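Heads up, the thing below is written out as structure tokens.
The values are calculated or read from the model by the stated rules, or taken from the named source; none is laboratory data. Since the structure is predicted, the reported quantities are computational estimates derived from the model, not experimental observations. Here the Cβ is made from the backbone with ideal geometry for all residues, glycine too, and neighbour counts use every protein chain on show. Ligands, DNA and RNA are stripped out before the accessible areas are found, and what is left, the full protein with its side chains, is counted by its heavy atoms. Shrake-Rupley method; radii C 1.70, N 1.55, O 1.52, S 1.80 Å.
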Amino acid sequence: MKRLLFIVFSVLLAIGAQAQTDRTHIRQGNRLFHQQKYEQAEVEYRKAVGKNSANPQAHYNLGCALFAQKKDSAAVKQYEMAGRLEKAPRRKAMVYHNLGVVCQQHQLYDQAIAAYEESLRNNPNDNETRYNLALCKRLQKNQPKQNQNKNNQNKNKQNKNNQDKNNQNQNNKNQDKQNQNKQQQPKEQMSKDNAEQLLNAAMQEEQATQQRLKDAMRQPQRRKLQKNW
């Protein structure tokens, strides 16, 4: 089971004002860290690093405070710096153990394996680091298969989206065609109605003309009176 070692290092008493200042900020940061005030602890640890950038404990503790705030990339940088500066084997092992945990959580198994191996070189008796190392190697072995499955899923999803899009386009075309037919049908119907109306009007006019002729034939013809000479 992977577990981050949130163990903040205490600073040994040292001679000189510079070391005393580092120690003060780290102690203040430790109190805040244990109170889960990670942002404030980060500020104190950064002050310690600012006073003495070669202090591995300040970098390690700062990395823990950053990781607690889920600032993983920044935490990795501090762990890497602490790993380069730290000389005590057990502390060095803790630094690389935490570095491995961060990499493992992001599925960076190559980096995680390298960190765990470095941790075990400094502390071969750490069973938890050994377990994490074995787990990462197994996950790394299965990763290509997982990536292939993920790629296949993405491909199938893309194909489905394309098919749905094509179906939608076809439906839109059919709908447009239906709408066009509906628009044309009233025009055709209207033209037919107009023709019938015109024909009826012509027939009525013809009937009226015939009626006028009949009426004219029934009336007596009037002779035009000639002027007497």
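Numerical summary
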| read-out | value |
| --- | --- |
| Hits in the stretch 56-103 - residues which are polar (S, T, N, Q) and farther than 27 Å from Asn125 by Cβ | Gln69, Ser73 |
| Any hit, the stretch 51-68, residues being in contact (Cβ under 8 Å) with a residue 24 or more places away in the chain, farther than 20 Å from Arg84 by Cα and either touching a strand residue (DSSP E or B) at 6+ places or on another chain (Cβ under 6 Å) or assigned to a helix (DSSP H, G or I) (or both) | yes |
| Whichever residue in the stretch 115-137 is in contact with a Leu (Cβ under 9 Å, 6 or more places away or on another chain) and hydrophobic (A, V, I, L, M, F, W, C) and, among such residues, is farthest from Gln78 (Cα to Cα) | Leu133 |
| Pick from the stretch 1-46, criterion among the β-branched types (Val, Ile, Thr) and either under 30 Å from Arg138 (Cα atoms) or open to solvent by less than 50 Å² (accessible area, probe 1.4 Å) (or both), ranking: modelled with the highest pLDDT | Ile26 |
| Total residues in the stretch 77-91, condition open to solvent by 30 Å² or more (accessible area, probe 1.4 Å) and either within 11 Å of Ala54 (Cα to Cα) or of a type in the set (Lys, Arg) (or both) | 7 |
| Gln111 being open to solvent by 20 Å² or more (accessible area, probe 1.4 Å), under 20 Å from Ser53 (Cα atoms) and within 33 Å of the chain's Cα centre (by Cα) | no |
| Total residues in the stretch 47-76, condition of a type in the set (S, T, N, Q) and open to solvent by 30 Å² or more (accessible area, probe 1.4 Å) | 4 |
| From Glu80, Glu39, residue being touching a residue at least 12 places away in the same chain (Cβ under 8 Å) and farther than 21 Å from Arg91 by Cα | Glu39 |
